[in-house]
1. Starting from the amide H of H30, placed 1.01 Å from N in the peptide plane, find each other amide H under 5 Å away whose residue is 5 or more places distant or on another chain.
2. For I17, I38, I12, what's the fewest-to-most ordering of other Cβ within 10 Å of each Cβ?
3. Sort L118, L125 so the one with the fewest other Cβ atoms within 10 Å of its own Cβ comes first.
4. For a quick check of your reading of the filter: which GluC sites (Glu not before Pro) in segment 38-76 sit in a DSSP loop and have no more than 16 other Cβ atoms within 10 Å?
5. First measure r as the distance between the Cβ atoms of T107 and E143, then evaluate 1/(1 + (r/R0)^6) with R0 = 41 Å and state the FRET efficiency to the nearest 0.05.
6. Taking a threshold of 25 Å on the Cα-Cα distance, which of the pairs K91/K210; K36/K150; K115/K210 fall above it?
7. Straight-line reach only, C-alpha to C-alpha below 15 angstrom: list the aspartates and glutamates that K130 could link to, leaving out same-chain residues fewer than 8 apart.
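Since every read-out is calculated from the coordinates, none of them should be taken as a lab result. Here the structure is a predicted model, which is why all the values come from computation and not from measurement. Cβ sites come from the backbone with ideal geometry, for glycine too, and all protein chains shown count toward neighbours.
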Amino acid sequence: MSGPDVETPSAIQICRIMRPDDANVAGNVHGGTILKMIEEAGAIISTRHCNSQNGERCVAALARVERTDFLSPMCIGEVAHVSAEITYTSKHSVEVQVNVMSENILTGAKKLTNKATLWYVPLSLKNVDKVLEVPPVVYSRQEQEEEGRKRYEAQKLERMETKWRNGDIVQPVLNPEPNTVSYSQSSLIHLVGPSDCTLHGFVHGGVTMKLMDEVAGIVAARHCKTNIVTASVDAINFHDKIRKAHVMPAGADHTAPSSSPSTGTKRSLLRHHHLRTHDLHEQ
């Protein structure tokens, strides 16, 4: 895509009051709901930027989410403020950084709950397999571009490495022993509907992340036998598209528990989050 550099878009913010249907079993906001809002904000600002110049229209698709920590719980009745800003662009990728704040509208108190970095690629509305070029942005300092390029190269390398490791999936074991990895293995199956999809008819990345968070929570609760919350999500790579009317089976198992000094409980890490798709029309 040719044309002059464009100004970096102003940060956008989406706000929504957290309602009972956003809650987990503990009564706080579900971690998957927060991940979904983070992805929505990133998709809005990156799609807007990728269509800021004359040319073929596109929708930004999520390619990768860096490690995301849950710094503080968000409560039902609070307002979520999700702010997104573009921090780097390459020829075919957009880096978006997102901050999530919670606000108690009765007291006015605010706190930071999440920080995340996401990578998007623009896909043509005419041909979903065609990746378009991203309009360049103007940086206030040269160091910003150099630092962004380093982050881009690092995530690109790791993304390629994880793509080759994705085949290493632990298969279910019949009648597993308690307190083993196989015993905690869990899976969920989701039929992709229209509300899960983008304009292309493919699943939103946020929908996928919420499903992964749900099955991870089942694994951790099954192993710990107590209430659990999402503390951190490792980097997630999106290697392929999932279409509407496909079935998504998501599976997970735990690897190694670690004692939490603040609560004395155990936290389980996830070894595998695997997603396979089946086209119902081909059955």
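1. Residues meeting the amide H criterion: A23, N24.
2. Fewest-to-most Cβ neighbours within 10 Å comes out as I17, I12, I38.
3. Ranked by crowding around the Cβ, least crowded first: L125, L118.
4. E56
5. 0.55
6. Beyond 25 Å: K91/K210; K36/K150.
7. Partners found: E56, D240.
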